[in-house]
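Below you'll find the structure, written out as structure tokens, and then a few comments.
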Amino acid sequence: MIPGIASRRRFKDLSEQEILALAISSEEDDARIYRSYASHLRADYPASAAVFDGMAAEEDVHRRQLVDLHKARFGDVIPLIRREHVSGFYARSPVWLVENLGLERIRDQAAQMERDAERFYLMAASKTGDAATRKLLGDLAAAEAGHAGTADTLTEEHLGDAEKTAEETAAHRQFVLTWVQPGLAGLMDGSVSTLAPIFAVAFATQDTWTTFLVGLAASVGAGISMGFTEAASDDGQLSGRGSPIKRGIAAGVMTTLGGLGHAMPYLIPDFWTATIIALIVVFVELWAIAWIQNRYMNTPFWRATFQVVLGGALVFAAGALIGSG
């Protein structure tokens, strides 16, 4: 018997009072989630925070209506039953996960919350033969559908084109500062700085396995170093660059991948075949860096290309000359 599963009630076994109590607790939980969204967004996205404040207020209205209905039908004592007590009932993500969601993800998740609730009540209503229960579930489904309309109305009221554009610009800037900028720095470091040791060993030994081991060690070591350096350099509080852990992960992972890209071909036993493929990979990496700089950092493409390709060519030449000598 699986703990926590066998103790759950099936929805079809719930009484009308328990269904009503479940609806009340669900409305309470959703209101808390919307207020958490609003609190999380208020500093950077005040217009979206106002939308979620309004949605939480709507949940409160529906909760009071459900409570009044429960009092009229069953009295003042509401049974304690929540979503997690019912097998197959739609689930909500933990509220603390809001810290890991961006603006668009929060909006999408809120819309999904309303759709999940409406769909569940409609399906439940279609499977019951009791007229009163069927009506109750239908009313709840209509209420959830009404929430979606309210969300649209609130969005139009609080989130005009200017506000939405400003918030989307701020969200894009935060994405660039937290993920793209440290990731790009890591990719550049991994792709360029490992060229010299990898190709120096390659031309000095012409041993593909030794070259691969050196490339692997250089890539992993550089990734760990860049990750910790990025995470420790700025806590993000004053600069607004976001979580140091996220930035450290972005920098560390991209540094490692940048070095491994031209180290992996040396798993091929033939030296010249491995070297030619590694050079092709380097070419692709450098053009990818130039494209990212142009796409996210607004660097003119040819300027970015000149900087990256020239730097990479110089580092490669240094490694090849040292290895050949």
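The values are calculated or read from the model by the stated rules, or taken from the named source; none is laboratory data. Note that the coordinates shown come from a computational prediction; the quantities given were computed from them, not determined experimentally. Don't worry about glycine lacking a Cβ; one is built from the backbone with ideal geometry, like all the others, and counts go over all protein chains shown.
Here are a few things to note about the model shown:
- Some residue of region 37-53 being within 17 Å of Asp139 (Cα to Cα) and either of a type in the set (A, V, I, L, M, F, W, C) or in a helix (DSSP H, G or I) (or both): no
- Criterion: modelled with pLDDT of 75 or more, within 21 Å of Asp13 (Cβ to Cβ) and surrounded by 14 or more Cβ atoms within 10 Å (Cβ to Cβ) - qualifying residue of Val77, Val67, Val86: Val86
- Test for Leu159: is it closer than 30 Å to Gly215 by Cα and either modelled with pLDDT of 75 or more or out of contact with any Pro (no Cβ under 7 Å at 6 or more places or on another chain) (or both): no
- Subset of region 271-291 [out of contact with any helix residue (DSSP H, G or I) (no Cβ under 7 Å at 6 or more places or on another chain), of a type in the set (A, V, I, L, M, F, W, C) and over 18 Å from Leu257 (Cβ atoms)]: Trp272, Ile276
- Residue in region 39-59 that is within 14 Å of Glu18 (Cα to Cα), of a type outside the set (A, V, I, L, M, F, W, C) and at pLDDT 75 or above present: no
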